[in-house]
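Report on the structure given below.
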Amino acid sequence: MKLRILTHAERDLRGTLPYQWPEFMNHDPIVNTFWPRLYELFPDFQFWIVDGRDTVGYACTVPVHWDGMPEPRGIDWVFSSGQAGEPTTLSAVVAALLPEYRGKGISSVLLRRMVSLATAHGFDAMIAPVRPTWKERYPLVPIENYAKWRREDSFHYDPWIRTHERVGAEVLDPAPRSMTITGTREEWEEWTELQFPEDGEYVVPGALTTVRFEGGTGTYVEPNVWLRHPA
């Protein structure tokens, strides 16, 4: 294994990785509006993890204007209101590795590289609306409760939040409305390969909370947790 971290400015590796998220995550209208411009506007802030000639992971960050208050809308805020004003802070948006490369310390190296990028550009911190890895195991638990769960060693219960903490991050507040995804009953059935015969709350694989159907329309409001890395 011979890993390198490249910026998008150094090499365009879009299309070399499979989609690694639940299909419904690909249908947030705010993210979909901004995403096509992400690599053109901020090529130096996007990373690819390469093993030899193979792309094995990626991470995306975006400069934002942040007043120090955790925004309830999380990722949707980063791609909308966070773009208003002079950038003060770097926000991580997403990071992913192929399954066989997880649990090897690569994520910690990548997080440190992202924080170093924030420092190099004179930003005051790197923030992140983090998608907790194990929250999908507890979709009925409010994010406000889950964000407080700790192990006996005082580190966070969630492994992804714990990784952030071990490289110096502090947990701020939940982002209870980080992404909002709405679709018809037919669209949700296509995205999930499930059926939703009547209105109500449904537990969906990969979702961090329930999907609510009302009048034939399903709405999923994804909760995340804000973390801050000092630069």
Taking the condition of being in a loop (DSSP other than H, G, I, E, B) and surrounded by 14 or more Cβ atoms within 10 Å (Cβ to Cβ), how many residues in the range 177-225 meet it? 7
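Out of Val203, Val171, I need the residue that is β-branched (Val, Ile, Thr) and closer than 20 Å to Ala95 by Cβ. Which one?
Numbers: Val203 fails: closer than 20 Å to Ala95 by Cβ.
Answer to the selection: Val171.
Counting only residues that are touching a helix residue (DSSP H, G or I) at 6+ places or on another chain (Cβ under 9 Å), give me the helices (runs of 4 or more DSSP H) lying completely in the range 72-150 with at least 3 of them. Don't jump to the end; show me each part of the working.
Values: elements: 74-78, 106-120, 143-146.
Fully inside the range 72-150 and qualifying: 74-78, 106-120.
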All but one of (1) surrounded by 15 or more Cβ atoms within 10 Å (Cβ to Cβ); (2) free of Cβ contacts under 8 Å to residues at least 12 places away in the same chain hold for Pro139, so report the exception by its number. (2)
Taking Glu71, is it over 15 Å from the mean Cα position of the chain (by Cα), among the acidic types (Asp, Glu) and either surrounded by 18 or more Cβ atoms within 10 Å (Cβ to Cβ) or modelled with pLDDT of 95 or more (or both)? no
List the number of the failed condition for Gly168; all other conditions in (1) touching a residue at least 40 places away in the same chain (Cβ under 8 Å); (2) under 17 Å from the mean Cα position of the chain (by Cα); (3) surrounded by fewer than 20 Cβ atoms within 10 Å (Cβ to Cβ) hold. (2)
Residues Ile30, Ile49: which one is in contact with an Asp or Glu (Cβ under 6 Å, 6 or more places away or on another chain) and aliphatic (A, V, I, L, M)? Ile30
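The values are calculated or read from the model by the stated rules, or taken from the named source; none is laboratory data. Worth saying up front: this structure is predicted, and the values here are computed from it rather than measured. When we count neighbours, we look across all protein chains shown, and the Cβ atoms used for this are built from the backbone with ideal geometry, even at glycine.
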